[in-house]
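Right, one structure below, let's go through it.
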Amino acid sequence: MELMKVVQLSEADCWAIDYLVRHTWKDDDGPPGVGKGLLVKVFSLLKEFEAGSKSPTLPLALTERECWCIDFNIRHDLNMGHEPVGKRLLLQVFGLILEFQNERVTEHGLRRLTWLPPKSVGPGESNVEDGNTR
């Protein structure tokens, strides 16, 4: 299962994703494209808004691939009616993509540090990294 992060979407955000991501899913025998799974998630939010949700935004858990799908398909200058949806939505998604990247870089760095062998030290020198003296 892919790691997910939560974003808050308005009804206009959801309709923008529906409108511009709809063409990206595939109906073949292989695994579903990222667009189809994203659309199913968005459909559930749209149904909640349609049912009369009192909240102006609803949470949606997105994978990194879904974030990149939104980034690829949503234009920054997109307006839904008179509401500037594109820039707002993209800025939220950019934040998630950066979080995914930061976690990956941090994890890689920590993994490198834990696999580094302790430095060799000569007689009477101190190894500050592991606290040993020899």
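A few comments on the model shown:
- Looking at segment 1-106, the helices (runs of 4 or more DSSP H) lying wholly inside it that each contain 3 or more residues that are touching a residue at least 40 places away in the same chain (Cβ under 8 Å) sit at 11-21, 64-73.
- Qualifying residue in segment 46-58 (condition: within 19 Å of the chain's Cα centre (by Cα) and at pLDDT 95 or above): yes
- Looking across Asn79, Asn73, one residue alone is crowded, with 16+ Cβ neighbours inside 10 Å and not hydrophobic (A, V, I, L, M, F, W, C). It is Asn73.
The values are calculated or read from the model by the stated rules, or taken from the named source; none is laboratory data. As the structure is a prediction and not an experimental result, all values here were calculated from the model. As a convention, Cβ positions derive from the backbone with ideal geometry for all residues, glycine included, and neighbour counts pool all protein chains shown.
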